[in-house]
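J.: Before I ask anything, let me first share the structure, which is written out below as structure tokens.
The values are calculated or read from the model by the stated rules, or taken from the named source; none is laboratory data. Keep in mind that what you see is a predicted model, and the values were worked out from it rather than measured. So basically every Cβ, Gly included, is an ideal-geometry build from the backbone, and we count neighbours across all protein chains shown.
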Amino acid sequence: MVRALEHASGDSRVKGLLTVVGSRDRLGGLASVQEMRDAIRTFGANRAVPTVAWAAAFGEAGNSGTIPLYLATACNQVGGSDELRTSTNEIFY
């Protein structure tokens, strides 16, 4: 993903980034998430284009949502399902 973002940052046809954030176990370790997060932030800063993170859930069903939420905050917009907005009311409102 990092190489793809580096390549996309030089492509004027790319108008933004949508990151679909999955569960913690699909993201790898903290070092991988930090590398992805840095790449997303650099991409957004270099291109001045929208970067959006979307997730169905952050930590529901007893899973830790800290790492997925940390990745999502690299984007300038975070969204999700209606259930997400309801269950994380303090984050979005």
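J.: If I ask for residues that are over 14 Å from Thr73 (Cβ atoms) and of a type in the set (Val, Ile, Thr), which ones from the range 1-43 would you list?
T.: Once the filter is applied, which keeps residues that are over 14 Å from Thr73 (Cβ atoms) and of a type in the set (Val, Ile, Thr), the range 1-43 yields Val2, Val14, Val20, Thr42.
J.: Something else now. Hey, Ile40 hits all of (1) part of a helix (DSSP H, G or I); (2) out of contact with any strand residue (DSSP E or B) (no Cβ under 7 Å at 6 or more places or on another chain); (3) in contact (Cβ under 8 Å) with a residue 12 or more places away in the chain but one; which does it fall short on?
T.: (2)
J.: Out of curiosity, is Leu18 surrounded by fewer than 19 Cβ atoms within 10 Å (Cβ to Cβ), under 16 Å from the mean Cα position of the chain (by Cα) and either modelled with pLDDT under 90 or of a type in the set (Lys, Arg) (or both)?
T.: Numbers: surrounded by fewer than 19 Cβ atoms within 10 Å (Cβ to Cβ): yes; under 16 Å from the mean Cα position of the chain (by Cα): yes; either modelled with pLDDT under 90 or of a type in the set (Lys, Arg) (or both): no.
No.
J.: With the checklist (1) buried (at least 17 other Cβ atoms within 10 Å of the Cβ); (2) modelled with pLDDT of 90 or more; (3) touching a helix residue (DSSP H, G or I) at 6+ places or on another chain (Cβ under 6 Å) in hand, flag the one item Ile40 doesn't pass.
T.: Answer for Ile40: the failing condition is (3).
J.: Still on this structure, I have one more. Here are Gly62, Gly10: which of them is over 12 Å from the mean Cα position of the chain (by Cα), surrounded by fewer than 13 Cβ atoms within 10 Å (Cβ to Cβ) and at pLDDT 85 or above?
T.: Numbers: Gly62 fails: at pLDDT 85 or above.
After ruling out the rest, the residue left standing is Gly10.
J.: Okay, next question. Taking the range 3-51 as the region of interest, how many residues are closer than 16 Å to Tyr70 by Cβ and among the hydrophobic types (A, V, I, L, M, F, W, C)?
T.: 9
J.: Do the conditions hold for Phe92, that is, is it modelled with pLDDT of 90 or more and aromatic (Phe, Trp, Tyr)?
T.: Working: modelled with pLDDT of 90 or more: no; aromatic (Phe, Trp, Tyr): yes.
Here the answer is no, as Phe92 does not meet what is asked.
J.: Under the condition of being over 13 Å from Ala74 (Cα atoms), hydrophobic (A, V, I, L, M, F, W, C) and buried (at least 18 other Cβ atoms within 10 Å of the Cβ), which residue from the range 44-59 is modelled with the highest pLDDT?
T.: Taking the candidates together, the pick is Ala55.
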